[in-house]
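Below: one structure, written as structure tokens.
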Amino acid sequence: SSPQREVFVSRGAFIFAAIGSAVGLGNIWRFPYVTYDNGGGAFIIPYLVALLTAGIPLLFFYYAMGHRSRGSAPLAYRMTHKAAEPIGWFATGVAIVIGIYYAAIIGWAGSYMFFSLKESWGDNAEEFFFSEYLKMGDPGISLDFVPAVLIPVIIVWAIVLVVLLMGVQNGIAGFSKIFIPLLIILFLALVVRSLFLPGAAEGLDALFTPDFAALADHKVWIAAYGQIFFSLSIAFGIMITYASYLKKKTNLTGAGLVVGFSNSAFEILAGIGIFAALGFMATAQGVEVADVASSGIGLAFVGFPTLISEMPGGAIFGFVFFACLVFAGLTSLISIVQVPIQALRDKFRVSNKASTAWVVGVMAVVSILLMPTVTGLYALDTMDAFANNLGIVGSAVLAIIVVAWLLRKMPVFSRHLNAVSSFKLGPIWMALISITGVVLVYMLITQIIAYATDGYEDYPPLILGVYGWGMIALLIVASIILTLVKWPKKTIDDMHEAI
Ligand code: PHE
Ligand code: NA
């Protein structure tokens, strides 16, 4: 049977789905610690520069690609040029890698919803997270499973399967329509509660006091671009895929602005709420906010549990906080998984349901084999670093070099968008894409050198070799092999009809 192309019935459905994808763990879990680690208040400057000059312009770029071709990432690239197809597979591969570990973090958050109600961590939150919950072993590779982590990860994949089998409109858009408003209400309640905690002001000071010297550090700029890309879900093929489900006459740029600004608003709100809460905790313990804002993964799963144990009404606060992480994470995860699902449909002409079952099945198995083990955290952290700093940036660099510079598609894209959109794009947009290209090339080279010379987090070469460099190499090889597979004639015919 020939697969039916799916659609979003309205622009509203698309906007909900796109916000569902954008607002995720990146906003609640990643943004606050990235901001804190990179100059606090001063980080807002590179962050806004990256949003306005790179994030939103690239969002439009990918919308144009997806909407024009009405196809998955590989098909959309294939339509710009035969030789560009591997870029689409590479972006699809990055989405797969991210989905594999992202599911695990959602699983942890699910466990912590219930831990919040019964655990009293006191000062032991760190030991609890790493030793009791994750049962972390020495860095290496092992198949020693941790049942307490395994079960939530399986549940996450089961939910993803059910939602995606319901299709783009009923599943993806329907799920986001329920959970995004719920998330906003619950999260606003948390932020307001945090702002009334004693010491909240100290936390906000710590977050927003600008360290302007940080602006001279190129790492801070790299972090800002990285955060914007991750947070807007660009360069993973998601925006190409979602835009391909839109009807011909859709105001794309208007939708893009709504999505871009909603995501950043949510992110800054999360920063405020989380730091207000950390301010309370620091005050209660009589220490500096800097001491409690333990960086990275620890912020949500160590800092927050400590806080929950200390504040009045902490159990409910914690339950709601981790529920927010779960809702935000699930709506993003379904968007990630839709990228390979659509790619498989287009290239192999399998039915919608079969493609969904295959993709979710394979990703779930890999995720379940790698993540809930005593060494899962090393895999997760390495995959996160390499997929974001090399994978996403690499995918965006290739898109700009090949599609914008070599194939000169920008005028075509701007005509396409302007024909259907309210906010018109012209020379400034094209210039911003080119400047972004230059910035990204620089970032990518710096990052490759940094990982090659300094490694990452002192992890042993085996870990970096497998989950970092090996993973990137596998994506490149797989992208080339998949490109060599011949396209079904039907897909090519549809494609000619689309342009
Ligand atoms: N944008 C999501 C967030 O901020 C993360 C995400 C990454 C979603 C990749 C989809 C794809 O958490
Ligand atoms: Na986001």
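The values are calculated or read from the model by the stated rules, or taken from the named source; none is laboratory data. Every value quoted in this text rests on a predicted model; they were computed, and no experiment measured them. Neighbour counts run over all protein chains shown; Cβ positions are idealised from the backbone, glycine included.
Before moving on, here are some points about what is shown:
- Test: residue in segment 139-160 that is under 19 Å from residue 18 (Cα atoms), without any contact (Cβ under 8 Å) to a residue 24 or more places away in the chain and of a type in the set (Val, Ile, Thr): no
- Any hit, segment 379-390, residues being in contact (Cβ under 8 Å) with a residue 40 or more places away in the chain, more than 20 Å from the chain's Cα centre (by Cα) and buried (at least 22 other Cβ atoms within 10 Å of the Cβ): no
- Any chance residue 33 is in contact with a Leu (Cβ under 9 Å, 6 or more places away or on another chain) and within 16 Å of ligand 1 (Cβ to nearest atom): yes
- Applying a threshold of 6 Å to beta carbon distances and a minimum spacing of six or more residues, or different chains, the list of pairs starting in segment 100-122 at a residue that is under 15 Å from residue 330 (Cα atoms) and ending at one that is among the aromatic types (Phe, Trp, Tyr) and away from ligand 2 (no atom under 16 Å from the Cβ) reads 109/322; 113/319; 113/322.
- Some residue of segment 200-212 being more than 16 Å from ligand 2 (Cβ to nearest atom), acidic (Asp, Glu), crowded, with 17+ Cβ neighbours inside 10 Å and touching a residue at least 60 places away in the same chain (Cβ under 8 Å): yes
- Residue count for segment 170-221 satisfying the condition of being out of contact with any helix residue (DSSP H, G or I) (no Cβ under 6 Å at 6 or more places or on another chain), of a type outside the set (Gly, Ala, Ser) and within 30 Å of residue 71 (Cα to Cα): 3.
- If only residues of segment 22-40 that are small (Gly, Ala, Ser) and more than 8 Å from ligand 2 (Cβ to nearest atom) are counted, the one that is surrounded by the most Cβ atoms within 10 Å (Cβ to Cβ) is 39.
- Selected residue [of a type in the set (A, V, I, L, M) and within 30 Å of residue 495 (Cα to Cα)] from 287, 339: 339
- In segment 7-21, residue surrounded by the most Cβ atoms within 10 Å (Cβ to Cβ) [restricted to those that are part of a helix (DSSP H, G or I) and more than 16 Å from ligand 2 (Cβ to nearest atom)]: 14
- Residue that is farthest from ligand 1 (Cβ to nearest atom), among those in segment 75-101 that are of a type in the set (Phe, Trp, Tyr) and under 16 Å from residue 234 (Cβ atoms): 77
- Pair list, Cβ < 6 Å and 6+ apart or interchain, from segment 221-242 residues that are farther than 16 Å from residue 32 by Cα and of a type in the set (Gly, Ala, Ser) to residues that are modelled with pLDDT of 95 or more and near ligand 1 (Cβ under 9 Å from one of its atoms): 233/21; 233/22; 237/95; 237/339
- For residue 23, the conditions (1) under 16 Å from residue 329 (Cβ atoms); (2) more than 16 Å from ligand 1 (Cβ to nearest atom) are fulfilled apart from (2).
- Hits in segment 417-431 (condition: of a type in the set (Gly, Ala, Ser) and part of a helix (DSSP H, G or I)): 419, 431
- Subset tally (residues that are touching an Asp or Glu at 6+ places or on another chain (Cβ under 8 Å) and either within 24 Å of residue 160 (Cβ to Cβ) or in a helix (DSSP H, G or I) (or both)) for segment 99-138: 2
- Here residue 250 meets the list (1) part of a helix (DSSP H, G or I); (2) of a type in the set (Ser, Thr, Tyr); (3) away from ligand 2 (no atom under 12 Å from the Cβ); (4) more than 22 Å from residue 94 (Cα to Cα) almost entirely, failing just condition (1).
- Qualifying positions in segment 66-80 - part of a helix (DSSP H, G or I) and in contact with a Gly (Cβ under 9 Å, 6 or more places away or on another chain): 66, 73, 74, 75, 76, 77, 78, 79
- Residue in segment 57-67 that is surrounded by fewer than 24 Cβ atoms within 10 Å (Cβ to Cβ), over 16 Å from the mean Cα position of the chain (by Cα) and small (Gly, Ala, Ser) present: no
- Exactly one residue among 463, 472, 449 is free of Cβ contacts under 8 Å to residues at least 24 places away in the same chain and assigned to a helix (DSSP H, G or I), and that residue is 449.
- Residue within segment 162-174 that is assigned to a loop (DSSP other than H, G, I, E, B) and away from ligand 1 (no atom under 16 Å from the Cβ) present: yes
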